[in-house]
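To start, the structure itself, in structure tokens.
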Amino acid sequence: MRIKVVLGIWLLGITLAWMAVVPPDLGVSPLVDAQGAALGWWQLRQHAIYLSGLWSIGLMSLGMLLALRLPLFDRALGGMDQVYRLHKWTGIAAALAAIAHWGAKESSGWIKTLWGRAGKPAHDAVLPWLTDSRGFAKDLGEWAFYLLLAMVVLTLVSRLLPYKHWRLLHRAMPLLFLALVLHAVALMPLTFWALPLGLLMGSLLALGSLAAVWSLAGWVGRSRNHVARVQEVVVLGDTPTGAPIEVICAMPKSWRGHRAGQFVFVRFDAAEGAHPFTIASAPHALGNSPEGEPLLRLVIKPLGDYTRTLQQRLRAGQRVDIEGPYGRFHGKGSRRRQQVWVAAGVGVTPFFALLEARQPGLTTKGRDPAPVHMHYSTRDARRDPLLARLQDLCTQAQPPVPLTVYSEALGERLTPQDLQAEPGPLDIWFCGPQGLGDALHEHARGPSRWRLHRESFVMR
């Protein structure tokens, strides 16, 4: 809902600014007059071109800003995963607006076929110093549109591409944006630069261009980037193939700490790029290395081609680049609501940190933590290498956290209905597969009086 609201407000603001400079006689002329001139159609085409173009470039400017991973957006949207969801849907909306823009431009052909060129308005005056660049700007915008559309399609089918290939393609997006900025500035009518539209679009284009240059320079997240090293790698479970691994990282002095439930972008290999992983340890829970470096834990499950190779590739002493921390999955809520934690599969990792923060000696001063009931779904509880630790942490937590385990191998499948026995209203903190998360979301929208918090960590 929050994503839809932000996009709606953004488009409404651009539309209202455009309406302030639209001629008052828009729509007054008949579509086709008595002489057969399609003056009205030409007017509608012209304004459809302008409005759809403003929507597209305005949305792309927002997308460029969101890609910077600024803490401001993290706080405003309730987590970095929400920032990336908004970034994704902003790109999709921008592509749809660009298609409408292209369609309005190409509609001149059928208008000419049906009614001829009579009534077609002359080109609007543009900024004087860009008059000679009109033709180049048109061609540049058209080719950038085709490339933009192709990249959005590839993003939507990103699962068909290895992550590193998708990442390299996505890195070209700032170049396309800069090309479209030139297209917009060179072709936007001179009258549109009058306030408030000119101020709005000029600011958006300037900020978006700055964000694009920042991204191209590789400076995104630079203030939160830390050069750490691998302290220890431990295979969890009895079966080395397909087992999750625990990676203990020794952090540099620049690391300012984290909150339980947060995540980081981790780059073990420069060619592969950074991947998001949850920090599976509470602040100060692991202490320091012999060299005095603060330690944190990552639990990585081999789910893809890259993560399956980490067990063989990671060694103690190896450099690792860590950017963060990010996220607001803190597991806290209103004391007027029952707190319920729901984890499935590798989604249990943020709850390790949240449970460690409740262990004796690590609990924060002040109010006691609110009572929590945890539900954990796993494929096979008898062979789950993470379950024993989870049970110990729940038992030793202050206060103890009741744990209900669902083993799919025994026919036990967690559903939203299993949570209805909890005394409501509920604050549900969920991390796990998208299917179960969507089912909880749909149930929360009904009469259940649930409040659902989730971080999907889907960054593409």
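All of the numbers you see were taken from the coordinates with simple rules; none came from a lab. Treat the numbers as computed from the prediction; the structure is a model and nothing was measured. No Cβ is skipped: glycine too gets one built from the backbone with ideal geometry, and neighbour counts run over all protein chains shown.
In this structure, the amide hydrogen of GLU232, modeled 1.01 Å from its nitrogen in the peptide plane, lies closer than 5 angstrom to those of ILE248, counting only residues at least 5 positions away or on a different chain. Which of rounded, prolate, oblate describes segment 2-216, given a ≥ b ≥ c as roots of the alpha-carbon gyration tensor eigenvalues and a/c under 1.5 marking rounded, otherwise prolate only if a/b is larger than b/c? Verdict is prolate for segment 2-216. Of the trypsin sites (Lys or Arg not before Pro) found in segment 267-325, those that fall in a DSSP loop while having at most 11 other beta-carbon atoms within 10 Å are ARG315. Sequentially through segment 447-453, phi angles give Karplus couplings (6.51, -1.76, 1.60; θ = phi - 60°) of x, 6, 6, 9, 10, 9, 10 Hz, Gly and Pro residues having no value and appearing as x.
In a reduced charge model with +1 at each Lys and Arg Cβ and -1 at each Asp and Glu Cβ, segment 222-326 shows a dipole moment near 300 debye about its Cα centre. Computing Rg and the Kirkwood Rh from the Cα coordinates of the chain gives a ratio, Rg/Rh, of 1.06.
Couplings 3J(HN,Hα) for segment 168-174, derived from phi with the Karplus relation 6.51 cos²θ - 1.76 cosθ + 1.60 (θ = phi - 60°), are 5, 5, 5, 5, 7, 4, x Hz, where x marks Gly and Pro. Distance from the C-alpha centroid of segment 221-270 to that of segment 123-139: 51 Å, rounded to the whole angstrom. When each of the peptides 106-118, 340-352 is scored by how many other beta carbons lie within 10 Å of its residues on average, the order from highest to lowest is 340-352, 106-118.
For the chain, the relative contact order comes to 14 percent (Cα pairs under 8 Å, sequence separation of at least 6).
Quick one: helix 387-396 against the long Cα principal axis of the chain, what's the angle to the nearest 10°, folded into 0 to 90? That works out to roughly 70 degrees.
Charged side chains reduced to their Cβ positions (Lys and Arg at +1, Asp and Glu at -1) give segment 393-460 a dipole of some 220 debye around its Cα centre.
Counting charges near LEU410 (Lys, Arg +1; Asp, Glu -1) among other residues having Cβ under 11 Å from its Cβ returns a value of 0.
Taking θ as phi - 60° and the Karplus parameters 6.51, -1.76 and 1.60, the scalar couplings of segment 188-201 work out to 5, x, 4, 5, 5, 6, 5, 4, x, 4, x, 5, 5, 5 Hz in sequence order, x denoting glycine and proline. When only the Cβ of Lys, Arg, Asp and Glu is charged (+1, +1, -1, -1), the dipole of the chain relative to its Cα centre reaches about 480 debye.
A cut-off of 5 Å between modelled amide H atoms, ignoring neighbours fewer than 5 places along the same chain, links SER377 with ALA343, ALA344, GLY345, TYR406.
Can you bin segment 363-423 into rounded, prolate or oblate? Criterion: square roots of the alpha carbon gyration tensor eigenvalues sorted a ≥ b ≥ c, rounded for a/c under 1.5, prolate for a/b above b/c, oblate for the rest.
Taking the square roots of the gyration eigenvalues as a ≥ b ≥ c, segment 363-423 is oblate.
When the helices of the chain are scored as -39500 (n - 2.57) per DSSP H run of n ≥ 4 and the total is divided over every residue, the value at 222 nm lands at -13000 deg cm²/dmol.
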